[in-house]
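The values are calculated or read from the model by the stated rules, or taken from the named source; none is laboratory data. Predicted model, so just to flag it, every value in this text is computed and none were measured. Positions of Cβ are backbone-derived with ideal geometry, glycine not excepted, and every protein chain shown enters the neighbour counts.
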Amino acid sequence: MLSLVSNTCLVIIKILVGLATGLVSIIAEAVHSANDLLTSIIAFFGVKKSSEPPDESHQFGHGKVEVITGTIESMFILGLGIYIIYEGISGFFAEKPHEFIEIGIAVMLFSGIVNLFISSYMIKRGRELRSIGVEVDGEHLRADVITSFGVAAALIIMKFTGWHWLDPAAAIIIGLWILQIFVRLIKKLMFQNLDAALDENELKKIRDIIDSIPEIKSYHRIRTRQGGSTVFIDMHIKVDPQLTVETSHEVTRNIEKLLGEAFGDVNVLIHVEPFSPEKLP
């Protein structure tokens with residue numbers, strides 16, 4: 001909702017200023033913000049749907065919805081980058097008067113500052129919640145920060161030097177920067193879609209949690225993946241054969257509790273085996 005409100009305001013301001021000044025870089029930024037608005041709407045419904053609990057048809061939850069909507073967002077980012085580069089190249093051959101450059105500079109600085117705070121908050125919350133949808137939307141807005149400040153810098157230089165080619169050049173740089181964001185995001189989304197394991201730092205957290213429980217004599221076959229904001233963890237643990245079923249169950253509940261504290265939304269499957277020193281994995 002924060003992203004939707006801010007982008008709506010910025011789209012209106014940038015379109016009006018872009019048309020008034022005739023600056024292709026600001027019009028490109030207006031299109032960029034319009035794209036942000038559309039993808040924020042997609043992300044909003046994706047995150048909302050993915051947070052629904054498991055049901056009869058989706059027994060592992062709806063987390064992959066975020067991967068789908070994140071991929072759709074990335075396709076918009078790709079199209080946007082190509083379009084802005086095209087507009088920038090066209091700008092080199094268009095003889096358009098540039099007026100009210102100071103207003104354009106002010107709007108770009110304002111946009112960059114607003115999106116700096118909003119994108120930082122969204123990326124931080126997305127990582128805390130392990131929500132790829134929120135994080136992708138935050139990264140999308142982070143692109144606005146770089147491009148807005150970049151356009152402002154180009155317009156300031158253009159105002160004092162009269163180098164009008166800086167306007168379309170800035171638009172092309174914006175487009176190339178956006179394409180780089182597309183490559184980075186699509187890579188992250190592909191890892192989730194292919195059920196890639198968690199990274200080594202997170203695997204170490206899991207092993208440290210298991211090592212902290214004295215009843216567990218050894219463990220093996222730790223398998224991990226992430227679907228949306230849900231982390232799936234499977235493992236085999238070995239305990240003293242004399243432990244009762246109730247005590248073994250308490251051990252597994254303790255593991256689930258600690259993993260939940262470490263990773264948030266987790267789905268844990270634990271296979272308990274009797275420990276035998278002669279048959280270590």
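Observations, loosely collected:
- Segments classed as strands (runs of 3 or more DSSP E), wholly inside the stretch 212-281, with at least 2 members that are at pLDDT below 90, farther than 27 Å from Asp199 by Cβ and outside the structural domain of Val47 (by TED's automatic domain parsing): none
- Qualifying residue in the stretch 160-168 (condition: surrounded by fewer than 22 Cβ atoms within 10 Å (Cβ to Cβ), without any contact (Cβ under 8 Å) to a residue 12 or more places away in the chain and not hydrophobic (A, V, I, L, M, F, W, C)): yes
- Complete set of residues in the stretch 180-201 that are of a type in the set (D, E, K, R), assigned to a helix (DSSP H, G or I) and farther than 25 Å from Gly88 by Cβ: Lys187, Lys188, Glu200
- Restricting attention to the stretch 145-157, the residues being farther than 30 Å from Val67 by Cβ and either in contact (Cβ under 8 Å) with a residue 60 or more places away in the chain or surrounded by 24 or more Cβ atoms within 10 Å (Cβ to Cβ) (or both) number 3.
- Residue match in the stretch 74-91 (condition: at pLDDT 70 or above, on the phi < 0 side of the Ramachandran plot and touching a strand residue (DSSP E or B) at 6+ places or on another chain (Cβ under 8 Å)): no
- The residue of the stretch 107-142 that is modelled with the lowest pLDDT, among those that are of a type in the set (Gly, Ala, Ser) and assigned to a helix (DSSP H, G or I), is Gly133.
- When restricted to residues that are of a type in the set (Val, Ile, Thr) and without any contact (Cβ under 8 Å) to a residue 24 or more places away in the chain, the stretch 119-144 contains 1.
- Residues that are in a helix (DSSP H, G or I) and among the aromatic types (Phe, Trp, Tyr) were ranked within the stretch 143-179; the one that is nearest to the chain's Cα centre (by Cα) is Trp177.
- Conditions (1) surrounded by fewer than 22 Cβ atoms within 10 Å (Cβ to Cβ); (2) over 21 Å from Ala169 (Cβ atoms); number of the one not met by Gly18: (2)
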